[in-house]
Structures are given as C-alpha cells and as structure tokens.
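Report on the structure given below.
Readers should treat all values here as calculations from the given coordinates under stated rules, not as data from a laboratory. Nothing here was measured: the structure is a model prediction, and the numbers come from that model. All Cβ positions, even for glycine, are placed from backbone atoms using ideal geometry, and neighbour counts span all protein chains on display.
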Amino acid sequence: MPSPNQQSIDLNSITSLKGVGPRMAEKLARLNLFRLQDVLFHLPLRYEDRTRIVPIGSLHHSNRAVIEGVVEHSAISFGRSGRQRRRVLMVHLADGTGSIKLRFFNFSKAQQEKLSKGTRLRCYGEARRVTNHLEIIHPEFSEVLENSLTPTDEALTPIYPTTDGVHQLTLKKLIDQVLEMLNRENSHLLMDYLPEEMVKQISTLGSDMVDLKSAINFIHRPPPDVSLSALDEGVHPSQQRLAFEELLTHQLSLQQLREKIQSQGAEILSNGGKLLQGYLKLLPFELTGAQSKVIEVIKHDVALDKPMLRLVQGDVGSGKTVVAFAACLMAVNAGRQAAVMAPTEILAEQHFQNFTQWAGELGLKVAWLSGKTKVKQRREMLAIIESGEANIVVGTHALFQDEVKFNHLSLVVIDEQHRFGVHQRLALKNKGVKAHQLIMTATPIPRTLAMTAYGDLDVSVIDELPPGRTPVKTVVLHEARRPDVIQRVRAAIADGRQVYWVCTLVEESEVLQCQAAEDTQVLLQEIMPEFQIGLVHGRMKPIEKETVMSEFKNKKINLLVATTVIEVGVDVPNASLMIIENSERLGLSQLHQLRGRVGRGSTASSCVLIYSNPLSKTAKKRLAVMRETNSGFDIAEEDLKIRGPGEVLGTRQTGMMQFRIADILRDENLISAVHEAAEEIVQQHPEIIEPLIRRWLSGAEQYGEV
Ligand code: ADP
Ligand code: MG
C-alpha cells in the first residue's frame with residue numbers, strides 16, 4: 001500500500017489533467033505518456049491544411065484538401081471486392097471549377113439521405129486519380145447551409161500518433177491544456193537543458209535562434225501564416241531546434257551504452273604474433289591496403305583493456321573473411337578463444353570450412369555449432385569449447401545459447417550484421433560476454449548515417465576491392481527472353497565457368513520458394529541434359545547442403561539452382577554468371593548481395609536480372625540502379641532514398657531509430673554539430689544527459705538496458 005504521502009497528487013503526472021482518470025491514464029501509457037512533459041513532447045506526425053477551401057478543378061492526385069461543392073448525383077452501385085459484391089455509395093460533387101467523386105463503402109441510411117442531390121457539402125480527404133477522374137474515398141464531410149460562412153480552421157491541423165481508445169481530438173485537448181499551463185507566467189513545466197552557447201551555435205546553422213518553449217508551441221500549434229509545404233520541408237528553426245535535441249539525445253544514449261559496455265573491461269589481446277605472420281604467408285595473395293589498414297586498427301583496439309566495439313563496413317567481395325580470421329588470431333595468440341557468428345547456416349558453414357582449412361595449417365582447432373547440429377556432435381563440440389581445446393568457434397546464433405560454456409572467450413566476430421538487426425549484437429552483453437566485438441557488414445551506409453545509427457561503434461571501411469576484379473556487367477531482361485538467357489548459360493559453362501540460378505518468390509513462404517527451385521532444376525536439366533545441375537535450398541538437411549556446396553566449389557556442378565539462401569557470403573570464384581528470377585520483387589540490398597556472389601575471380605562476370613510485368617515504379621528504379629552501378633555505397637544511398645533508413649538498417653521493427661521529429665536524411669546538415677555537442681556535454685555538462693534521455697526516450701529503454 002502506498003503511504004498517504006505518496007498518494008498525494010503528483011502535479012507533474014498526467015492524471016493531474018482534466019479528463020484523465022486511471023482508465024485514460026492506462027491508455028495514454030501505451031503512448032508512453034506519463035508526465036506532463038511527455039505530453040509536450042508527443043509531437044505531431046504530420047499536419048493537415050484545413051485553412052482554405054481548394055477549388056476542385058485545381059486538385060491533383062494525392063492532394064489532401066478541404067473542398068466545398070454541391071452534390072450533383074448520388075447513387076448506390078454494387079462494386080466487386082474479391083469474390084464479394086459490395087454496396088458502394090458514389091456521390092458526384094461539383095463546385096463550378098470541376099467535379100470529383102466521393103466513394104463510400106460503409107454508410108448508414110441517414111448518411112445516404114444526407115448525401116443526396118442538391119446538398120452543399122464541405123469535405124476533407126485525399127484525392128486519388130482513378131482512370132480519368134479524381135475521387136476521394138471516405139472523406140470527412142459536413143453539410144454547409146447556403147450562404148452561411150462556416151469558417152475554415154485558422155492554422156494547420158496537427159495529427160498525432162494515437163492508440164486504441166485515444167482519439168485525435170482527445171489528444172489535441174490534452175495538449176491544449178498542457179500548452180496553456182506552459183504559457184502561464186513562471187511555468188516550470190519545460191526546462192531548456194542545453195547550454196545557451198550551444199543553442200546559439202545551432203542557430204548559426206542557417207536559422208534564427210529559437211527558444212525551446214517557442215519551438216514546442218510552434219510545433220503543436222503552427223501559426224496561421226505557416227504553410228504546409230514549409231512544414232513538410234522540416235527546416236523551420238523550431239523544427240530544427242527540436243530535431244537537434246532529439247538527435248543529440250539519441251547520440252548521448254548510444255554513447256552511454258558504449259560506456260556501459262566498455263566499463264566492464266576486457267582482456268588485452270596480442271597483435272597476432274607469429275600466428276598472424278604465418279597466416280598471411282599462407283594466403284595465395286597479398287592483403288589489399290584497406291585490409292591491412294583495418295587489421296592494424298583492430299590490433300590497436302584489442303591492445304586495450306576495454307572492449308573493442310568496431311564495425312567494419314566493406315562491400316560484397318572486399319575480403320572481410322580474412323580480416324575476421326586475422327582478428328581471431330589475435331585472441332588465439334594470447335591464449336584465448338574467439339567466436340564467429342554468422343546469420344545463416346550456409347554462411348556459417350562456409351566460414352567453418354575456410355577457417356578449418358586455415359587453422360589446420362596453423363595447428364589450431366575450430367569448433368562448429370549451429371541450431372541443427374546433431375546431439376552427438378553437439379556434445380563433442382560443447383566439450384571442446386568448454387575445455388578450451390577449440391581455439392575458434394564458428395556458428396549461428398546458437399553460439400550464444402545458455403548451455404554453451406566457453407573456456408576463455410575474449411573476441412566475438414559478428415558477420416553480416418544487417419541481418420541481425422542492431423539488437424542482437426547488444427544481446428551479447430546480456431549473456432555476460434565480456435569480449436571485444438568486431439562487427440562486419442556488407443551494407444555500407446553513408447558516413448553521416450553511420451555516425452547516427454552506430455553512434456556507439458567505431459567504424460572502419462574496407463574501401464578497396466582485391467585487385468584484378470572486373471566489375472560485374474548487369475543486364476535486365478524480360479522473362480520472354482529466357483531462350484537468350486539459356487544461351488548465355490550454355491556459353492559460360494562451355495567456357496569452363498559456373499553459373500548460379502536464383503529462384504525467388506516474394507510470398508515469403510519457404511516451402512513455395514524451395515518448390516520453385518526444385519521445379520526449376522528439373523526444367524533446366526531437361527533443357528540442358530549435358531550439364532551437371534545442382535540444387536540448394538533452405539529445407540535441405542545441413543549435410544546435403546554442405547555436399548552440394550562443396551561439389552559446386554570443386555566444379556563438379558556446372559550450374560547451381562538456389563533459393564536466396566546463397567544471398568550472403570557464399571564464395572566460389574569460378575562462378576561468373578548469375579541469373580536472378582523475379583528480380584523485380586527483390587530489394588536493392590538483396591540484389592546487390594546476390595550479385596556479389598559473382599565477380600570474385602579475375603574473369604569478367606555478368607548478372608542477368610529476369611523480370612516480369614507489371615513493373616512498379618520503384619521496381620523499375622531498382623533495376624535501373626543495379627544496371628548502372630556496382631558500388632555498394634551508391635546502392636545503399638539509393639536504397640536509403642527509396643526505403644528510408646529504418647528499413648535499410650532493419651531498425652524499424654525494433655522501434656529503434658524511430659525519431660519523433662528528426663529525419664536522418666533531411667537533417668544530415670545537423671549531424672556533425674550534434675556529435676560535437678555530444679562530446680561537449682559529456683565533458684562539461686554530464687548532468688543533463690539523464691534528463692534529456694528521460695525526455696526523448698521514455699519508453700524506449702532498449703537503448704540503455706539491452
Ligand atoms: P566479403 O567481404 O564479401 O566477405 P570474402 O571475404 O568472401 O568477401 O572474399 C571474397 C573473395 O576474395 C574470396 O575468394 C577471398 O579469398 C578473396 N580475397 C580476399 N582478400 C583478397 C586479396 N587481398 N587479394 C585477392 N583476393 C582476395
Ligand atoms: Mg563475407
């Protein structure tokens with residue numbers, strides 16, 4: 001039971017507002033609204049312009065607007081929706097400048113009567129072009145009496161994130177209440193934590209200085225003279241003021257996370273010594289300059305008694321595996337263990353094969369662990385991992401299950417990090433793993449974005465491909481040109497080359513995708529009986545997969561039909577032709593990953609993207625990008641424009657990097673100032689870190705906790 005004292009009303013609690021009882025408070029909690037300040041920082045998602053009536057004749061597709069006109073015609077028809085016939089009420093509205101159709105699927109008798117011929121209506125909705133006319137589906141509407149002057153809104157209407165049982169209007173009223181309190185004299189509701197100097201500095205970024213209180217007022221209730229397009233641009237000083245603070249807080253919380261991890265300490269490893277020297281002699285090639293540089297940086301990192309937290313970005317084929325193994329040797333040479341985690345079974349297997357071969361020549365032992373490892377082998381592996389006989393352990397995320405006990409783990413390498421999402425790497429910490437962390441990704445992203453997304457990591461880039469590679473030539477062909485494709489396949493194989501044929505389905509059904517691959521293998525084998533055609537897909541047993549992959553590697557198989565399981569990391573340099581079916585359905589990074597399986601040897605390679613119609617605008621754009629560039633950086637940049645950072649980084653699902661007002665692409669100009677400011681705060685004003693985090697990240701504990 002709370003003591004009477006605790007029960008006394010907390011003036012900062014949301015329950016001190018009119019209309020907020022325990023029930024409503026519970027609902028508001030789902031929006032992470034607990035305190036009055038939270039309400040002030042519950043920012044609009046967007047705005048609607050209901051300040052003026054737009055002539056129907058000037059409307060365009062996707063315009064949201066208020067219109068006013070007279071119903072010319074109104075009738076119920078029966079449309080089709082799937083297999084069902086559905087009642088539709090179609091209303092034609094005209095205002096002398098043009099006409100538009102209003103379409104209603106759900107309507108009461110009373111509504112239907114209200115929408116009859118001759119009625120004057122004011123509507124709000126989004127106009128869409130349908131064949132040769134414009135229509136609005138389910139507009140908001142109200143009747144307007146002839147010659148009356150029903151006023152329009154004075155300012156833009158903010159639209160807030162809502163949840164079940166909390167309506168826009170409810171939120172708007174709550175926010176009005178809190179704004180009113182804020183604007184009273186001597187209100188202590190809102191503290192501007194940022195040092196004055198810093199705020200001044202933001203203002204030199206091209207806008208006038210705005211104090212926090214004005215910014216909050218502006219964002220919630222934009223004045224009448226502000227246009228929607230100006231707000232959509234997001235560069236008003238008030239918006240920038242808040243975006244800056246939000247980005248800054250994000251940065252501070254990532255740094256805090258980094259410090260937490262680093263404060264746990266780590267063991268000092270070696271520079272790899274004789275082992276590393278021996279390994280480099282084994283390799284049939286010289287390291288590229290970029291590889292050497294990154295290896296040197298890692299040596300430096302692991303020579304410290306705090307954990308390395310390094311992300312290595314390198315395009316597909318840039319030789320990250322060698323760097324990973326070199327890092328492992330730094331642990332092994334110091335008498336410790338290293339673990340390498342890959343996102344898929346097939347990639348982990350491949351690392352295992354490479355590593356086993358290298359380790360064998362160096363007299364080291366590599367253990368293997370995946371979710372599919374059989375009981376007996378598993379027991380053996382667990383034993384040698386625990387005894388320390390295994391120097392390096394390779395596997396999938398099964399590596400970090402509770403029953404796995406390392407003897408002396410001190411380095412963890414995570415390959416192809418984008419598949420894990422940011423979260424998984426942080427999860428390591430929960431396992432009590434106190435180790436240096438090296439994260440490898442083949443999804444290079446622009447520097448400013450990396451600074452924001454990986455604010456807790458040091459970032460290195462392998463910005464050079466091994467010499468002698470010729471860029472992959474990409475062609476885009478309609479599926480009707482399949483005979484030409486077969487011709488190319490024949491020519492490549494006749495030339496002693498090998499081919500990948502990738503079957504994709506967007507339905508996300510693994511069963512269907514594997515079925516498609518099986519069918520394709522049969523079909524291709526019929527067309528080309530003279531060649532060895534193999535098949536690999538996700539539903540095969542690990543041992544079967546392994547066999548097929550090694551046969552392909554040993555050139556016993558000419559053509560490998562595969563599902564997207566080969567997307568990541570598979571490495572067969574003699575393969576020089578890649579065919580991708582249904583390429584219009586894949587995302588850019590997936591296409592780039594797939595294409596990266598060829599072009600690994602010194603012969604000219606090519607990639608055929610087969611597509612079928614209809615081709616959406618973005619699909620067309622993606623295919624064009626693939627045809628035009630081989631650079632992972634350029635592709636990542638285009639991908640960002642098409643899909644946005646949340647999708648590209650895989651953070652959308654986890655709710656991380658979901659900003660309230662900042663937009664990493666739009667606010668790129670703020671990023672370096674944000675980083676400087678974060679430094680300064682850590683050095684000189686550490687006391688404002690917690691309050692800022694509470695303000696911007698309440699409910700997003702994942703930053704601090706994971
Ligand atoms: P990724 O960065 O995509 O993981 P890999 O590590 O799989 O790339 O390397 C791709 C291919 O390049 C492999 O066949 C590897 O042996 C080869 N390779 C790596 N480094 C070099 C180098 N410095 N010179 C020549 N070939 C290299
Ligand atoms: Mg790789």
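Tabulated data
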| read-out | value |
| --- | --- |
| FRET efficiency, 1/(1 + (r/R0)^6) with R0 30 Å, evaluated for residue 641 and residue 475 via beta carbons | 0.80 |
| Gain in span if fully extended, residue 365 to residue 458, counting 0.36 nm per residue against the direct Cα distance | 30.5 nm |
| Around residue 69: net Lys/Arg minus Asp/Glu count, Cβ-Cβ under 14 Å | -2 |
| Label point distance in nm, residue 403-residue 296, each placed 7 Å from Cα along Cα→Cβ | 4.6 nm |
| Pairs beyond 29 Å (Cα-Cα), from 27/114; 473/555; 101/617 | 27/114 |
| Contour minus Cα-Cα distance for residue 532 and residue 668 (0.36 nm per residue) | 43.8 nm |
| Value of D in µm² per second that Stokes-Einstein yields for the chain, Kirkwood Rh from Cα pairs, at 37 °C (0.692 mPa s) | 111 µm²/s |
| Two-site FRET efficiency, residue 62 against residue 621, from Cβ-Cβ distance with R₀ of 22 Å, rounded to 0.05 | 0.75 |
| FRET efficiency, 1/(1 + (r/R0)^6) with R0 41 Å, evaluated for residue 555 and residue 384 via beta carbons | 0.80 |
| Value of [θ]222 nm, deg cm²/dmol, for the chain, DSSP H segments ≥ 4, -39500 (n - 2.57) each, nearest 500 | -12000 deg cm²/dmol |
| Fully extended contour minus Cα-Cα distance, from residue 303 to residue 613, at 0.36 nm per residue | 106.0 nm |
| All lysines inside 26 Å of residue 376 as judged from Cα atoms, apart from same-chain residues fewer than 8 positions distant | 365, 405, 431, 541, 545 |
| Given charges at Cβ of Lys, Arg, Asp, Glu: the chain dipole, positive-most of 631, 521, 455 | 521 |
| Pair residue 434, residue 77: separation of 7 Å Cα→Cβ label points (nm) | 7.3 nm |
